[in-house]
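Participant: Submitted below is the structure of interest, expressed as structure tokens.
The values are calculated or read from the model by the stated rules, or taken from the named source; none is laboratory data. Please read all numbers here as calculations on a predicted model, not as lab measurements. With ideal geometry, Cβ positions are generated from the backbone for all residues, glycine too; neighbour counts draw on all protein chains shown. With ligands, DNA and RNA removed, areas are computed over all heavy atoms of the protein, side chains included. Shrake-Rupley method; radii C 1.70, N 1.55, O 1.52, S 1.80 Å.
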Amino acid sequence: GVTKVQNVVKVGDTVSDIKEGKNAGLISVGILEGSSEMALTEEEYEALPKKEKEGKLRRVTEKYQTAGADYIIRNMSELIPLLRKIE
């Protein structure tokens, strides 16, 4: 039922995913936690001190912004609310 490519959302965890979406004319969403860009297991991420965790989140956010991400979410629990907002 999607009639316009502008109504498609690509969610990805790499800069390549963001660029692919942008090049295709899609809304691109980058996901931070668990992303390939962060390159940490869940256990490694959870074990980080708060400051270090925030630094890693900030660095990946900057990468996604540079790649042209329309939206950046921390984790998948934020996806449905974002889709409702976009809609």
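Participant: Of all the helices (runs of 4 or more DSSP H) wholly in region 1-68, which have at least 3 residues that are open to solvent by less than 80 Å² (accessible area, probe 1.4 Å) and at pLDDT 95 or above?
Facilitator: Details: elements: 15-23, 42-47, 50-67.
Of the helices (runs of 4 or more DSSP H) lying wholly inside region 1-68, those with at least 3 residues that are open to solvent by less than 80 Å² (accessible area, probe 1.4 Å) and at pLDDT 95 or above span 15-23, 50-67.
Participant: Inside region 12-52, can you point out the residues that are touching a helix residue (DSSP H, G or I) at 6+ places or on another chain (Cβ under 7 Å), among the basic types (Lys, Arg) and without any contact (Cβ under 8 Å) to a residue 24 or more places away in the chain?
Facilitator: Listed by number, the list is empty, since nothing qualifies.
Participant: If you go through region 77-87, how many residues are open to solvent by 90 Å² or more (accessible area, probe 1.4 Å) and in contact (Cβ under 8 Å) with a residue 60 or more places away in the chain?
Facilitator: Total meeting the criteria: 0.
Participant: Filter region 69-87 down to residues that are out of contact with any Ser or Thr (no Cβ under 9 Å at 6 or more places or on another chain) and outside any helix (DSSP H, G or I) and give me whichever is farthest from Ile18 (Cα to Cα).
Facilitator: Per the stated criteria, the residue is Glu87.
Participant: Please go through region 59-81 and pick out each residue that is hydrophobic (A, V, I, L, M, F, W, C) and over 11 Å from Gly30 (Cβ atoms). First the steps, then the outcome.
Facilitator: From region 59-81, those hydrophobic (A, V, I, L, M, F, W, C) are 60, 67, 69, 72-73, 76, 79-80; that's our starting set.
Once the filter is applied, which keeps residues that are hydrophobic (A, V, I, L, M, F, W, C) and over 11 Å from Gly30 (Cβ atoms), region 59-81 yields Met76, Leu79, Ile80.
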